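The structure appears right after this line, and notes come after that.
The values are calculated or read from the model by the stated rules, or taken from the named source; none is laboratory data. Model, not experiment: these values are computed from the prediction. We work out accessible area using only protein heavy atoms, side chains counted, and drop any ligands, DNA or RNA first. Shrake-Rupley method; radii C 1.70, N 1.55, O 1.52, S 1.80 Å.
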Amino acid sequence: MRLADCSRWLAKAEARLFPAHCLVCRAPGIPGRDLCAGCLQALPRLLTACPRCAEPLTSTSPCGRCQQQPPAFERTWAALCYQPPVDQLVQAFKFHGRLVTGRLLGELLHDALRHAPIAEAVLPVPLHPARLRQRGFNQSVELARPLARHWGVPLLTDVAVRVRHTQPQSQLSRPLKARNVRAAFALQRPLAYRHVLLIDDVMTTGSTLRELAQVLKAGGAHTVDVAVVARAGGYEGTSFEPITTDLPQTSPQSG
Ligand SMILES: [Zn+2]
Ligand SMILES: [Zn+2]
């Protein structure tokens, strides 16, 4: 049996032994996805948003913040709004380590990037080492890995590091040290890629991604794009009450 036949056979066997079930309502899932047709249809999609930062808006022109202080990234691809049931799915993955939920979120992120230009490398937002030890995994790495594999581009997990409050500046090389005294992130080495896609689970204010994108630009990237599973809104406030009123008490930690 050839390898391709073998993996096809295994996939069929897996589907028969462990049929997909909806992670939202427990009904049988649509083939190959842990979501039923009804729940897939009902997911809170981001319909109109700022093209730059995916801030939920009623138009598709850049939001006020992006006009006043344009971020270092060019654009943001957001799969969904950070509303039920997406918030519960993200938290089940992030705080309870439910990897099957992570796989589903990764697939939804992948769907959102259907029309995105393929970057030269994918860079998941790093956790600081203490948080990584505590959680045991970096949710952004898990979301980014299948995408990097599908695109056939490098997954950059050790180029950027979180430095604020965690890593002594003395561990960084001198030019990078000077550049990153105030920043939350630092590069371990110059970037060898011109176009990088940053991956995170949730974007809230966008400040983390703004900072990281800036560091990547300073480190040699020409184009930085961002992709997130969910976008919380709205920075500009009042018109998006449904998004904020449904938010759970725990706010995402990476935004
Ligand atoms: Zn369902
Ligand atoms: Zn914006």
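From the protein chains alone at 1.4 Å, what is the descending order of accessible area for K94, K217, largest first?
Ranked list, largest accessible area first: K217, K94.
For segment 47-170, which whole-number percentage of the solvent-accessible area (1.4 Å probe, protein heavy atoms only) is attributable to carbon and sulfur atoms?
51 percent
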